[in-house]
Amino acid sequence: MIELQALIFDVDGTIAETERDGHRVAFNRAFQDAGLNWDWSVSLYGELLAVSGGKERIHFYLQQYEPNFAPPQDVDEFVAQLHAAKTQHFQKIVAEGRIPLRPGIKRLLESAKSEDLRLAIATTAALPNVLALLEHSLGKESISWFEIIAAGDIVPAKKPAPDIYFYVLEKMQLKPSECLVFEDSQHGLQAALQAGLPTIVTVNDYTKNQDFSGATLVLTHLGEEDDPYQILLGERINSNYFDLNSLVRKP
Ligand code: XBP
Ligand code: MG
């Protein structure tokens, strides 16, 4: 039995399906605004997700797909400007209500709050994007549900490095065994496991074929009474949805 104190959530792909219809579209709009003819298709974006972090992803794309591109200014500044424009576009997309929460997220957050569990976020995405997503999917007050929102460049090495999880553990003064992490990707799982954190993975179209060895549970999603999940790895739980009480209990 784990003495659970806190839940730590990844954002992109875990709280909401942000990548294909959110971040990818925002990148393409920023490229268009900058007069670039780059177009990240759904499948190309799947390859680019090999690199976490929006700025890092643009650098990776330049190296792999546009090696002869000559930026009009210092490449780091150029990428930072493109990324800032992309962040604006992402916020507009979520403000239009186009990025719904994944099944079970709202239910789980509300039940965790009612059980006085501590909540945190650990993401490689930029902070303004996380705040906009929370505001437009769960309401502005939901930002205060999270004791720590660890995001973006707050640590230098992004997932799969464990730094963001060590940062959260340090700030919250928690032991890994007192926490439960929710992730959607192999990178995220690696980051959490390297910090010693038990992790539940909810897969999505971009991540469903990845290796999730070491996860406590791998689920299609967290599920709802009328939208049952499937368990892909781990012990069968006799319910249509993931419920804290079926796995772990606060002491
Ligand atoms: C999320 C990411 C981020 C987003 C874009 O990974 O990789 O790069 O795609 O975010 P994770 P920014 O879910 O593992 O944290 O453009 O805001 O960096
Ligand atoms: Mg993720």
Task: Residue list for the range 169-189, filter: closer than 25 Å to residue 103 by Cα and touching a strand residue (DSSP E or B) at 6+ places or on another chain (Cβ under 9 Å) - done: 178, 179, 180, 181, 182, 183, 184, 185, 186, 188, 189
TODO: Can you confirm whether the range 46-57 contains a residue that is more than 30 Å from residue 218 (Cβ to Cβ) and away from ligand 2 (no atom under 13 Å from the Cβ)?
DONE: no
Task: Selection within the range 38-52 - more than 10 Å from ligand 1 (Cβ to nearest atom) and either outside any loop (DSSP other than H, G, I, E, B) or at pLDDT below 95 (or both) - done: 42, 43, 44, 46, 47
- [ ] Filter the range 146-161 down to residues that are among the charged types (D, E, K, R) and in contact with a helix residue (DSSP H, G or I) (Cβ under 7 Å, 6 or more places away or on another chain) and give me whichever is farthest from ligand 2 (Cβ to nearest atom).
- [x] 147
- [ ] May I ask you to say which residue of 216, 202, 220 is farther than 14 Å from residue 159 by Cβ, surrounded by 22 or more Cβ atoms within 10 Å (Cβ to Cβ) and either of a type in the set (Val, Ile, Thr) or within 14 Å of the chain's Cα centre (by Cα) (or both)?
- [x] 202
Task: Filter result (within 16 Å of ligand 2 (Cβ to nearest atom), assigned to a helix (DSSP H, G or I) and in contact (Cβ under 8 Å) with a residue 60 or more places away in the chain) within the range 1-25 - done: 19, 20, 21, 22, 23
Task: Lone qualifier among 97, 139 - being at pLDDT below 95, farther than 27 Å from residue 35 by Cβ and over 16 Å from the mean Cα position of the chain (by Cα) - done: 97
Task: Qualifying position, being within 15 Å of ligand 2 (Cβ to nearest atom), of a type outside the set (D, E, K, R) and in contact (Cβ under 8 Å) with a residue 24 or more places away in the chain, among 133, 138 - done: 133
TODO: Could you check, for the range 233-249, whether at least one of its residues is touching a residue at least 24 places away in the same chain (Cβ under 8 Å), part of a helix (DSSP H, G or I), of a type outside the set (Ser, Thr, Tyr) and out of contact with any Lys or Arg (no Cβ under 8 Å at 6 or more places or on another chain)?
DONE: yes
Open item on the list: It is to be established whether one or more residues within the range 16-36 are in contact with a strand residue (DSSP E or B) (Cβ under 7 Å, 6 or more places away or on another chain) and among the β-branched types (Val, Ile, Thr).
Closed with: yes
Task: Residue satisfying condition, being buried (at least 20 other Cβ atoms within 10 Å of the Cβ) and either away from ligand 1 (no atom under 16 Å from the Cβ) or of a type in the set (Asp, Glu) (or both), within set 180, 244, 174, 233 - done: 180
Open item on the list: When the residues of the range 111-126 are narrowed to those that are farther than 30 Å from residue 27 by Cβ and among the polar types (S, T, N, Q), which ends up nearest to ligand 1 (Cβ to nearest atom)?
Closed with: 111
Open item on the list: Going by what's in this entry, would residue 6 be described as closer than 30 Å to residue 147 by Cα, of a type in the set (Gly, Ala, Ser) and either touching an Asp or Glu at 6+ places or on another chain (Cβ under 6 Å) or more than 12 Å from ligand 1 (Cβ to nearest atom) (or both)?
Closed with: yes
TODO: Out of 143, 121, 93, 105, report the one residue that is away from ligand 2 (no atom under 16 Å from the Cβ) and in contact (Cβ under 8 Å) with a residue 60 or more places away in the chain.
DONE: 93
Task: Filtered residues of the range 62-72 (kept if touching a helix residue (DSSP H, G or I) at 6+ places or on another chain (Cβ under 8 Å) and surrounded by fewer than 13 Cβ atoms within 10 Å (Cβ to Cβ)) - done: 72
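The values are calculated or read from the model by the stated rules, or taken from the named source; none is laboratory data. No experiment lies behind these values; they were computed from the predicted model shown. Don't worry about glycine lacking a Cβ; one is built from the backbone with ideal geometry, like all the others, and counts go over all protein chains shown.
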